[in-house]
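**Student:** Okay, handing you the structure first.
The numbers here are math on the coordinates, done by the rules we state, and not lab data. The model shown is predicted, which means the values in this text are computed figures rather than measured ones. Methodologically, a virtual Cβ is constructed for each residue, glycine included, from the backbone with ideal geometry; neighbour enumeration extends over all protein chains shown.
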Amino acid sequence: MEKLWGGRFEGKSEPWIESFGASISIDQKMAQEDITGSIAHVKMLGKTGILTAEEVSEILRGLKQLEMKLQSGKVTFSEQNEDIHLNIEKLLHDEIGPLAGKMHTARSRNDQVATDMHLYLKNKVHEIIQEIKRFKQILLTQAEENITTIMPGYTHLQHAQPISFAHHLLAYHAMLTRDVERFFENLNRIDKSPLGACALAGTTFPIDPKYTAALLGLKDIYHNSLDAVSDRDFIVEFLSNSALIMMHLSRLAEEMILWTSHEFQFITLSDAYTTGSSIMPQKKNPDMAELIRGKTGRVYGNLVSLLTTLKALPLAYNKDMQEDKEGMFDTAETVLSCLKIFSSMAKEMKVNHETMIQATQKDFSNATELADYLAKKGIPFRSAHEMVGKLVLSCVKRGIYLQDVTLAEYQTLSPLITADVYQALRSETAVLKRSSYGGTGFRQIEEMIVLLKKKES
């Protein structure tokens, strides 16, 4: 089979060399985008008089036929035609004959592939944003149902202070809000059309790039043809944003893995998101959460891979850039699948309220409450901190907790301490009194949920 670009060549490559250079196994994912871009390009060629109305009509008829075949799964791609662009052109040639060659007037595969990626990524980012919003809503619902559910708050994975479980969930809701904001900002760079840049220098034909961009639903065009065909910043930005959201999902996945363990038992996951062991009959493994945690690494890898590919490339297009797509496809699909799994898993998880609050009863997470209690009695906080620290050490040695210390012993610590200290040491009191803005106090959380619902309605 003769190559569509083969006029300058006398020799032929070996099939295994052609296979190494071909990208159709990867970029066929952009078949619809390639057809969409070609339809817009041909319409522009007609509007500007570069092609006749009859030529435009026939080419568009052929492209529409191809589109219907593609959507019904009746299109077969060939590795001999290298990539999605030459495959579509060859298939169009089979539909309408040599006239198909005029479709490529005033266009290069360089601006064509860039356009395909802009169109593909715009659609995927909108899908991702919708999935994040769905997950945020599930977290918000779970938070609303668990405002008064008390759990240990942690630093260094050690019990720190009692907090509301809702407060913990809303921290992830805040992270996801930033993720949405980043993806929306990314759309500003994605929503641009490179068509018209051709190979790198523009064209002698009287094209109308703004018209093409409008037909494609892209808000802007590139203003430098070299930049248009060599820019992959919008993909790097997408991969970076994806790495961030996967990091957020991985952190929550890690916590859920801990919370389902025998040592914690804070939550129970639905059987649908867990698996058993081939040898240990008692096991219920949080595999879906573990997979999400594991898939974070591949998304990081895709980001580093593209950055490394681009780091020393001279302008404009280089064959290295054929490697820009697989990681983009993989990341988009990975992020979407992880969000869908996580949303359903979080929606169906059972919260073990009693286990959570009991975990704050036999610990020293109320030590700060005692220090604050003393500070409010007029003792300098630093002095109160030292006094409580020594008392905690004493309790540890005796195997008791602060709420087990007698009032008489407390009053040897300071005569300012009265019986109300035991109320101050309660987990419920500790959470309830954290009423500063953004804190874990029940009223603060209720107000925050109302605000978040209003923002997202």
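**Student:** Which values of log₁₀ I(q)/I(0), to two decimal places, follow from the Debye formula for the stretch 118-181 at q = 0.13, 0.21, 0.24, 0.25 Å⁻¹ with a uniform point scatterer at every Cα?
**Tutor:** Cα-only, vacuum Debye calculation for the stretch 118-181: -0.47, -0.83, -0.95, -0.99.
**Student:** Among Ala332, Val113, Pro209, whose Cα projects farthest towards the positive end of the dipole of the chain, with charges put on the beta-carbon of Lys, Arg (+1) and Asp, Glu (-1)?
**Tutor:** Ala332
**Student:** What distance in nm separates the simple spin-label points at Val304 and Ala214, each placed 7 Å from Cα in the Cβ direction?
**Tutor:** It works out to 4.7 nm between the two label points.
**Student:** If you average the sequence gap of Cα pairs under 8 Å that are 6 or more apart and divide by the length of the chain, what percent do you get for the contact order?
**Tutor:** Across the chain, relative contact order equals 16 percent.
**Student:** Could you tell me how far the Cα centroid of the stretch 299-339 sits from the Cα centroid of the stretch 183-201, in Å?
**Tutor:** 16
**Student:** Test of understanding: what is the full-extension gain from Ala201 to Glu185, defined as 0.36 nm times their sequence separation minus their Cα-Cα distance?
**Tutor:** Full-extension gain reported as 2.9 nm.
**Student:** Hey, quick one: spin label on Tyr437, modelled 7 Å out along Cα-Cβ, who in the stretch 137-152 has an amide N within reach, i.e. under 17 Å?
**Tutor:** Residues passing the 17 Å test: none.
**Student:** Calculate for the chain the 222 nm mean residue ellipticity that helices alone would give, adding -39,500 (n - 2.57) per DSSP H run of length 4 or more and normalising by residue count, nearest 500 deg cm²/dmol.
**Tutor:** The per-residue figure over the chain is -19500 deg cm²/dmol.
**Student:** Straight distance only, please: which lysines reach the Cα of Lys219 with their own Cα at less than 20 Å, same-chain residues fewer than 8 apart left out?
**Tutor:** Lys43, Lys47, Lys122, Lys124, Lys192, Lys210
**Student:** Given the C-alpha centroids of the stretch 21-74 and the stretch 107-169, what is the distance between them in whole angstrom?
**Tutor:** That distance is 36 Å.
**Student:** Where Lys and Arg each count +1 and Asp and Glu each count -1, what net charge lies around Gly196 among other residues with Cβ under 15 Å from its Cβ?
**Tutor:** Net of charged neighbours comes to 0.
**Student:** Using only Cα atoms, locate the centre of the stretch 233-286 and the centre of the stretch 78-104, then give the distance between them in Å, rounded to an integer.
**Tutor:** Spelled out, the Cα-based centre of one part sits 45 Å from the other.
**Student:** Quick one, which of [x] 25.0; [y] 22.2; [z] 26.5 is the actual Kirkwood radius over Cα pairs in Å calculated for this model?
**Tutor:** Evaluating Kirkwood radius over Cα pairs in Å on these atoms matches [z].
**Student:** For the stretch 322-395, what percent of Cα pairs sit more than 14 Å apart?
**Tutor:** 76
**Student:** Also, quick follow-up: Find which of Ala166, Ile128, Pro152 sits farthest along the positive direction of the dipole of the stretch 113-177, computed with +1 on the beta-carbon of Lys and Arg, -1 on that of Asp and Glu, about the Cα centre.
**Tutor:** Result: Ile128, furthest along the dipole toward the positive end.
**Student:** Same structure again: Straight-line reach only, C-alpha to C-alpha below 22 angstrom: list the lysines that Lys362 could link to, leaving out same-chain residues fewer than 8 apart.
**Tutor:** Of all the lysines, those that pass the test against Lys362 - Cα under 22 Å, at least 8 places apart if same chain - are Lys390, Lys397, Lys433.
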